[in-house]
Each structure stands twice: as structure tokens, then as C-alpha cells.
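Some notes on the structure that comes next.
The values are calculated or read from the model by the stated rules, or taken from the named source; none is laboratory data. Bear in mind that the values here come from a model prediction, so they are computed numbers and not experimental data. All Cβ positions, glycine included, derive from the backbone under ideal geometry; neighbour counts span all protein chains shown.
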Amino acid sequence: MRTALAFPKYHPFHLAAGDDPDEVSREPVRLDRLTSGREDLPYKVELWDEAKHSVEQVLAVTASGSIGYAAFYAATREYPNRYITLRHKNSIVSRWNAAGH
């Protein structure tokens with residue numbers, strides 16, 4: 001005999017694409033404004049321009065070193081021919097130097 005699974009009618013969470021008419025209208029939050037100067041998110045994964053002169057894009061920002069390293073590792077697989085750094089505050093703690101370039 002099989003037991004039927006019962007699912008609750010209402011869930012304690014709500015996922016929406018932002019088109020919910022009951023949701024209060026908000027301005028989009030810019031990542032650069034949100035993360036600039038934030039001491040509580042000290043780890044950053046940075047993708048540098050091809051000349052390795054400046055950061056082209058911040059790929060991840062986190063409070064956790066292990067999550068930061070996981071994002072760094074993923075970035076090295078996504079962009080194997082680019083220079084990538086994992087930064088903690090103002091110090092580079094790991095770098096991917098695009099081997100052979």
C-alpha cells in the first residue's frame with residue numbers, strides 16, 4: 001500500500017519575478033553602491049581586463065572565506081584565460097594568472 005504525500009496549500013515563502021501587484025515598488029539596488037565600503041562583505045572575486053591593468057568586473061562579494069574561494073575557483077573555470085583575484089579587504093589572498101599568457 002502506498003502512502004500519499006500531502007503538501008501544504010500555502011507555503012511560508014513567496015518567489016516572484018517582480019511583477020507582483022501587491023509588492024511595494026522599489027528602485028533596483030546597484031551592486032557597486034551596495035558593496036562599496038562594506039566591511040561585512042570583505043571577500044571579493046575580481047575579473048581583470050585582458051591587459052591586467054584594472055578590475056573589469058567584480059564577480060562575487062561575500063562575508064565567508066570558503067564561499068569566496070568557491071566563487072574564485074568557479075571563476076577560474078569560467079574564465080581560464082583571464083587574470084582573476086580573490087581579495088580579502090585590501091589584500092589579494094589568491095590569484096589565477098591565466099597560465100601561459
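Just the residues that are touching a helix residue (DSSP H, G or I) at 6+ places or on another chain (Cβ under 9 Å) and crowded, with 18+ Cβ neighbours inside 10 Å, please, taken from the stretch 63-101.
Arg82, Ile84, Thr85, Leu86, Arg87, Trp96
On the basis of being surrounded by 13 or more Cβ atoms within 10 Å (Cβ to Cβ), closer than 13 Å to Arg95 by Cα and either at pLDDT below 95 or not basic (Lys, Arg) (or both), does Glu46 make the cut?
It is true that Glu46 is surrounded by 13 or more Cβ atoms within 10 Å (Cβ to Cβ), closer than 13 Å to Arg95 by Cα and either at pLDDT below 95 or not basic (Lys, Arg) (or both).
Can you tell me how many residues in the stretch 55-99 are aromatic (Phe, Trp, Tyr) and part of a helix (DSSP H, G or I)?
Selection size over the stretch 55-99: 3.
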